[in-house]
There are 2 protein chains.
Amino acid sequence: MNQQALKKYDSGKYRTPDGYTSDIAVFTIHSEKREHKPPIVSMMLMLIQRTEITAEGTPNIEGGKWALPGGFVQPDETALEAAHRELLEETGVRGIHMKHYGVYDRPGRDPRGWILSNAHYAIVPEDVLKGRKASDDAEDVQLFRLEDLKSIQLAFDHEQLISDAIREIRSDLLQTTAAKNFLPEEFTYSELQAVLLTVTDDPAIKSEQSFARKIKTLPFIQEAEGKTTARTSKKPAKLYRFVEMDIIKPIYTARY
Amino acid sequence: MNQQALKKYDSGKYRTPDGYTSDIAVFTIHSEKREHKPPIVSMMLMLIQRTEITAEGTPNIEGGKWALPGGFVQPDETALEAAHRELLEETGVRGIHMKHYGVYDRPGRDPRGWILSNAHYAIVPEDVLKGRKASDDAEDVQLFRLEDLKSIQLAFDHEQLISDAIREIRSDLLQTTAAKNFLPEEFTYSELQAVLLTVTDDPAIKSEQSFARKIKTLPFIQEAEGKTTARTSKKPAKLYRFVEMDIIKPIYTARY
DNA sequence: AAAATAGTGTCTCTTAGACACTATCGG
DNA sequence: CCGATAGTGTCTAAGAGACACTATTTT
């Protein structure tokens, strides 16, 4: 009976979109080491510069402008799968944290027609971006400090996508255990603290001593018993791990 | 130059989706009054039952099963706008809280083809659903208590959409000021408490005295000076209002 | 010894949350 | 005056966050 219904379904009854795409905001944390000073830690976003000319030799849409990497979703995959595939194609990176954060479908957002975009953000440790390469459609691939994004020309509505991505990652870093994706499996309290300080200046997180104490009481962080590292200081430091759990901290019970 | 690029763009280069739809999980809170006892307050979800036969007299896809209201997005609107329009068409409700929470695009999720769905949830006060009516495609419209959803036949992948919606609204009620959409402009602490208790059993929220005290210290809630109501009890109770602001409460600084 | 990060001792102030109590009003 | 909801008084234990201090290692 569903079979009959199926035959009768007329897909021409409604206009259909001209394209279904996935875009990806790839974030990484860059740590700039300095002699005799603490490193400068900042969050960076990867962008690609669109070529002026396509592979076929014709002028490219929004050529020369910077954009989030992305591309068309294929009928046999989800937008999230497409995002993973495209990130792999664009940068050679696989198996990293990826999260959908928005749909962009405002009529007229893309001059090529009715084109829908699913926006994702990805978090990659800094070193995996070392081996990145420009692809066919990209003139150049580059990391930008978030503060520097204001001064560059962005394609389509990517200014909007990027500002939404930044808001989303900020909130996720502070309200979920997403920070683990910026860190090695086992990390010191100061490494976690450095990640969080890229998105907040909360005094409780800023104070070394408070944070060193607090980390031991958090139910979603576990001490790696007996293990230490000296990679962040001369004195060996304890290592911690994230424990998988989801956390809802009601705003109605917290302190202000 | 972008003009030339535009002409050259071949939209047939990629396969395009067969449909772009919006679905809406409409939640309301039902308060069942009882003689000499506190009311039973529970969260309800509105579903429609799909007709067995379409308007054209042919068997309907997934006929007889229950589903979220929704429909096709038109090229001149966003999915969010479509969700508002469809809710208005289905139920006569307008201007209410609506939030996108997910994209459903798994290949094969809809037997009619490559059909994408944007899922939204909406929050409506109970009384506006009074005037609801079944539309062309719907046999019946009904509110279900969340616990009762397990026992009914759901169309397409709506079981997934619904369980995601419940998780999303639960988290939003506790971590944002979304609860205001279930309440009148000005409300008593016990009314807010009743809403929150539909999604949590946190002792700090459950205890009347704790909650009555806590509400006065929350920066996003303001006392309506001098105003009281007797609608919830014999003794007149103070009224409160939500103040617009966005709140990020880091999990790293909270108490456990 | 100096420099740098890791981490603890201890104090003060605030808050959570429990328990007992009072307040207001309708029936 | 009973019952129901609203709201306060008061206590205790726990935590936040600040400051001063100690610990471990490299140069």
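The values are calculated or read from the model by the stated rules, or taken from the named source; none is laboratory data. This structure is a prediction, so every number in the text was calculated from the model and none was measured. For neighbour counting, all protein chains shown are included, and Cβ atoms are generated from backbone atoms with ideal geometry for every residue, glycine included. Each accessible area value is taken on the protein alone, full model and side chains, heavy atoms only, with ligands, DNA and RNA left out. Shrake-Rupley method; radii C 1.70, N 1.55, O 1.52, S 1.80 Å.
Give the residues of the stretch A:70-107 that are of a type in the set (A, V, I, L, M), part of a loop (DSSP other than H, G, I, E, B) and within 13 Å of chain B (Cβ to nearest Cβ), sorted by residue number.
Filtering the stretch A:70-107 for residues of a type in the set (A, V, I, L, M) gives A:73, A:79-80, A:82-83, A:87-88, A:93, A:96, A:98, A:103.
Cutting the leftovers down to part of a loop (DSSP other than H, G, I, E, B) gives us A:73, A:93, A:96.
The one that is of a type in the set (A, V, I, L, M), part of a loop (DSSP other than H, G, I, E, B) and within 13 Å of chain B (Cβ to nearest Cβ): A:VAL73.
Would you point out which residue out of B:THR177, B:THR253 is more than 13 Å from DNA strand D (Cβ to nearest atom) and under 30 Å from A:ILE221 (Cβ atoms)?
Numbers: B:THR253 fails: more than 13 Å from DNA strand D (Cβ to nearest atom).
Checking each option against the conditions leaves just B:THR177.
Name the residues in the stretch A:29-66 that are in contact with a strand residue (DSSP E or B) (Cβ under 8 Å, 6 or more places away or on another chain) and within 14 Å of chain B (Cβ to nearest Cβ), would you?
Kept after step one, since they are in contact with a strand residue (DSSP E or B) (Cβ under 8 Å, 6 or more places away or on another chain), are these residues of the stretch A:29-66: A:29-34, A:39-53, A:59-66.
Listed by number, the residues that qualify are A:ARG50, A:THR51, A:GLU52, A:ILE53, A:PRO59, A:ASN60, A:ILE61, A:GLU62, A:GLY63, A:GLY64, A:LYS65.
Filter the stretch B:26-45 down to the residues that are in contact with a His (Cβ under 7 Å, 6 or more places away or on another chain) and within 11 Å of DNA strand D (Cβ to nearest atom) and list them by number. Spell out the reasoning first.
Just the residues of the stretch B:26-45 that are in contact with a His (Cβ under 7 Å, 6 or more places away or on another chain), to begin with: B:42, B:44.
None - no residue of the stretch B:26-45 is in contact with a His (Cβ under 7 Å, 6 or more places away or on another chain) and within 11 Å of DNA strand D (Cβ to nearest atom), so the list stays empty.
Tell me, please, whether a residue that is within 11 Å of DNA strand C (Cβ to nearest atom), among the aliphatic types (A, V, I, L, M), within 30 Å of A:ALA212 (Cα to Cα) and not in a loop (DSSP other than H, G, I, E, B) can be found in the stretch B:233-242. Don't jump to the end; show me each part of the working.
If we filter the stretch B:233-242 for residues that are within 11 Å of DNA strand C (Cβ to nearest atom), which is where we start, we get B:233-237.
Next cut, among the aliphatic types (A, V, I, L, M) only: B:237.
Among the residues that remain, those that are also within 30 Å of A:ALA212 (Cα to Cα) are: none.
Within the stretch B:233-242 (the criterion being within 11 Å of DNA strand C (Cβ to nearest atom), among the aliphatic types (A, V, I, L, M), within 30 Å of A:ALA212 (Cα to Cα) and not in a loop (DSSP other than H, G, I, E, B)), the answer is no, since none of the residues qualifies.
Residues that are more than 16 Å from DNA strand C (Cβ to nearest atom): list the helices (runs of 4 or more DSSP H) wholly contained in the stretch A:115-223 that include at least 2 such residues.
Numbers: elements: A:158-175, A:189-197, A:203-206, A:208-214.
The qualifying helices (runs of 4 or more DSSP H) are A:158-175.
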- In the stretch A:35-66, how many residues are small (Gly, Ala, Ser) and in contact (Cβ under 8 Å) with a residue 40 or more places away in the chain? 3
- Examine the stretch B:236-245 for a residue that is within 11 Å of DNA strand D (Cβ to nearest atom) and exposed (fewer than 13 other Cβ atoms within 10 Å of the Cβ), and state whether such a residue exists. no
- Item | All positions within the stretch B:82-103 that are under 15 Å from the mean Cα position of the chain (by Cα) and among the acidic types (Asp, Glu) | B:GLU86, B:GLU90
- Do we have any residue at all in the stretch A:147-168 that's open to solvent by less than 40 Å² (accessible area, probe 1.4 Å), small (Gly, Ala, Ser) and in contact (Cβ under 8 Å) with a residue 40 or more places away in the chain? yes
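So which of B:PRO107, B:PRO75, B:PRO17, B:PRO39 ends up being more than 30 Å from A:ALA82 (Cα to Cα) and either out of contact with any helix residue (DSSP H, G or I) (no Cβ under 7 Å at 6 or more places or on another chain) or modelled with pLDDT under 90 (or both)? Show your work before the answer.
On the way: B:PRO107 fails: more than 30 Å from A:ALA82 (Cα to Cα); B:PRO75 fails: more than 30 Å from A:ALA82 (Cα to Cα); B:PRO17 fails: more than 30 Å from A:ALA82 (Cα to Cα).
Of B:PRO107, B:PRO75, B:PRO17, B:PRO39, the one residue that is more than 30 Å from A:ALA82 (Cα to Cα) and either out of contact with any helix residue (DSSP H, G or I) (no Cβ under 7 Å at 6 or more places or on another chain) or modelled with pLDDT under 90 (or both) is B:PRO39.
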